[in-house]
Amino acid sequence: MTAGIVVALLILVTVIALGTLIGMILALFGALVAPVPFVPVSSTVTDALPGLLKLTSDSVLYDLGCGDARVLMRVALTSPYKKMIGVEKAPLPYLLAQWHLLLDKPKNVTVLYKDIFKVPVRDATHIFMYMFPKVVNKLYPTLVAELKPGTRVISCDFPFDHKTPTETHKVGTGYFSHTLYVYD
C-alpha cells in the first residue's frame, strides 16, 4: 500500500468516527430535550397518509414531531399543496430533515426547530403525529383550543384518551403494522 492510500484511509476512518461521535452526541442531546425518541415512521404509514389526509389546495399540514421529515417529503410528492410544516425539537432528526429538504427541494415544506408545545397551529387544516400516548394526550387540550372545527388530525398508533376517532385504519402487517386514528 502506498503512503497516499494509507493517509486517505486514515482520513476516511477519522471522518466516519467523528461523524459517528457527533451523531451519538446529537442523539443523546435529543433524548434529553425531546418528549419522545426518534422512531422513523414506516413506509406503510407514509404510503397511506396522502389518501387519508384528503388535502386540498388550501390545506396547511403540520407534522408535529416530524423527525427526519419523511412524512412531509412523501406527502409533498403526491400533494404539492399550500403549506406543510414540520416541527422537531431533537437536533439529529432536525438535521436529517434539513438534509432531506436540501437534497429533494420540495415546494412549500418547512421544518422548524421548535418545541411542539410552543408552536401555534391555529392555521392548520391537517395535523399528523407519531408520538407516545402521554405526549398525544398532553397535546389534546392545545389542539382543542387552537384548531378550527373540521381540522383533520391523524395520530399513528396512539389515540387520544378522551376522544373517539371518526375513522381507524390498519396499515401494514406484522412488525410493520400500524393503526392510524383519524379525528375530524
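Add +1 for every Lys or Arg and -1 for every Asp or Glu among the other residues with Cβ under 15 Å from the Cβ of R70, and state the total.
Working: positive: R74; negative: D47, D63, D68, E88, D104.
Neighbourhood net charge equals -4.
Out of residues 5 or more away from F128 or on other chains, whose amide H comes under 5 Å of its own, with H placed 1.01 Å from N in the peptide plane?
Y62, D63, L64, I154
Can you give the local net charge around L180? Use residues other than it whose beta-carbon is closer than 9 angstrom to its beta-carbon, Lys and Arg +1, Asp and Glu -1. Could you put the intermediate results ahead of the total?
Working: positive: K170; negative: D157, E167.
So the surrounding residues net to -1.
Give the long-range amide H neighbours of D157: residues separated by 5 or more places, or on another chain, with amide H under 5 Å away, using H modelled in the peptide plane at 1.01 Å from N.
Those lying under 5 Å, H to H, from D157 are T179, L180, Y181.
Taking amide H positions as placed in the peptide plane 1.01 Å from N, state which residues far from L112 in sequence (5 or more) or on other chains have amide H under 5 Å from it.
G86, V87, E88
Within the set of other residues whose C-beta is less than 15 Å from the C-beta of A145, count the net charge using Lys and Arg as +1 and Asp and Glu as -1.
On the way: positive: K118, R122, K138, K148, K163; negative: D123, E146.
Local net charge: +3.
How large is ³J(HN,Hα) for each residue in the stretch 144-152, as worked out from phi by the Karplus curve 6.51 cos²θ - 1.76 cosθ + 1.60 (θ = phi - 60°), to whole Hz, x for Gly and Pro?
In residue order, the calculated couplings are 4, 6, 9, 7, 6, x, x, 5, 8 Hz.
Could you run the Karplus curve 6.51 cos²θ - 1.76 cosθ + 1.60 with θ = phi - 60° over the stretch 87-92 and give me ³J(HN,Hα) per residue in whole Hz, x for Gly and Pro?
10, 9, 9, 7, x, 5
³J(HN,Hα) across the stretch 173-180 via Karplus (A = 6.51, B = -1.76, C = 1.60, θ = phi - 60°), whole Hz, x for Gly/Pro?
Whole-Hz 3J(HN,Hα) from phi for the stretch 173-180: 9, x, 4, 8, 7, 9, 10, 9.
Bear in mind these aren't lab numbers, they're just calculated from the coordinates by the rules spelled out. The model shown is predicted, which means the values in this text are computed figures rather than measured ones. Positions of Cβ are generated from backbone atoms using ideal geometry, with glycine treated the same way; all protein chains shown enter the neighbour counts.
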